[in-house]
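Working notes for the structure below.
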Amino acid sequence: MVKVHFRKITRGNFRECLNLQVNESQKSLVATNAQSLAEAYVDTNLFPFAVYDTSACGYEQPQVPMLGFTMYEIVAGVGFIMRLMIDFKYQRQGYGRATMIEVIRRLKLCPDVEIIATSYRKENEVAASLYQSLGFTPWNIEWAKSHPTEIYVKFEGF
Ligand SMILES: CC(C)(COP(=O)(O)OP(=O)(O)OC[C@H]1O[C@@H](n2cnc3c(N)ncnc32)[C@H](O)[C@@H]1OP(=O)(O)O)[C@@H](O)C(=O)NCCC(=O)NCCS
């Protein structure tokens with residue numbers, strides 16, 4: 001099974017993060033990494049990470065390229081996975097699933113997290129089936145009704 005390794009975004013790797021790209025048809029499904037990093041700069045509840053293959057673990061300077069980006073938020077008892085993207089060159093190799101598994105592992109370790117949740121755009125069928133297969137089910141929280149273009153799901157495997 002493919003495994004991933006997370007690193008913080010730093011002076012040393014943020015340019016590589018900004019250069020990651022999704023397919024043209026996926027651009028409407030996720031914010032740019034530039035936007036996500038700007039949000040994280042002003043909001044201490046946000047935790048952005050660079051995603052590498054697990055073979056980067058143990059190397060101060062990863063010997064392998066950055067594959068993707070993810071960011072979660074911890075607020076009001078909820079660990080909310082706000083962003084998940086794998087560069088188009090590395091998609092369909094198991095890294096998206098492995099990234100979700102690593103995010104869930106990390107969120108489960110946080111004492112403030114009582115619910116793990118995420119959302120995706122209604123038309124994002126790949127995200128819908130990925131999250132469902134990982135154990136996410138519809139999250140009927142009242143405020144989600146004011147975001148009708150998004151589907152909110154929460155993790156049942158806690
Ligand atoms: C969603 C995304 C992160 C998946 O990354 P990935 O590395 O390709 O995912 P994986 O290789 O782990 O595949 C996960 C599952 O999705 C399926 N899948 C991935 N891309 C697919 C595609 N283009 N069409 C159909 N199925 C696809 C895989 O077959 C796999 O299913 P399986 O485990 O049942 O075999 C990636 O497509 C992406 O960055 N999309 C743009 C941003 C986005 O939509 N983010 C999520 C919502 S914010």
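The table below lists the values:
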read-out	value
Residue in the range 76-87 that is of a type in the set (D, E, K, R), more than 22 Å from ILE151 (Cα to Cα) and surrounded by 13 or more Cβ atoms within 10 Å (Cβ to Cβ) present	yes
Members of the range 56-84 that are in contact (Cβ under 8 Å) with a residue 40 or more places away in the chain and of a type in the set (Gly, Ala, Ser)	ALA56, GLY68
Test result for VAL64, hydrophobic (A, V, I, L, M, F, W, C), under 19 Å from TYR152 (Cβ atoms) and either loosely packed, with under 13 Cβ neighbours inside 10 Å or more than 15 Å from the ligand (Cβ to nearest atom) (or both)	no
Odd one out for ASN45 among (1) of a type in the set (S, T, N, Q); (2) in contact (Cβ under 8 Å) with a residue 24 or more places away in the chain; (3) within 15 Å of the ligand (Cβ to nearest atom)	(3)
Looking only at the range 70-79, and only at residues there that are under 12 Å from the mean Cα position of the chain (by Cα) and more than 15 Å from ALA127 (Cα to Cα), the one that is nearest to the ligand (Cβ to nearest atom)	MET71
Residue satisfying all of: in the range 122-158; in a strand (DSSP E or B) and of a type outside the set (Ser, Thr, Tyr); surrounded by the most Cβ atoms within 10 Å (Cβ to Cβ) among these	PHE136
Selection count where residues are buried (at least 16 other Cβ atoms within 10 Å of the Cβ), out of contact with any Lys or Arg (no Cβ under 9 Å at 6 or more places or on another chain) and within 22 Å of PRO62 (Cα to Cα), scope the range 21-44	2
Pairs, first among the hydrophobic types (A, V, I, L, M, F, W, C) in the range 89-100, second within 6 Å of the ligand (Cβ to nearest atom), C-beta under 8 Å, six or more apart	MET100/LEU84; MET100/LEU130
Single match in ARG92, ARG121 (criterion: within 16 Å of VAL153 (Cα to Cα) and within 12 Å of the ligand (Cβ to nearest atom))	ARG121
Subset tally (residues that are in contact with a helix residue (DSSP H, G or I) (Cβ under 9 Å, 6 or more places away or on another chain) and either under 22 Å from THR54 (Cβ atoms) or in contact (Cβ under 8 Å) with a residue 24 or more places away in the chain (or both)) for the range 1-29	17
SER146 over 20 Å from TYR52 (Cβ atoms) and within 15 Å of the ligand (Cβ to nearest atom)	no
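Bear in mind that the values in this text are calculations on the coordinates, not laboratory data. Values in this document were obtained by computation on a predicted structure and should not be read as measured data. With ideal geometry, Cβ positions are generated from the backbone for all residues, glycine too; neighbour counts draw on all protein chains shown.
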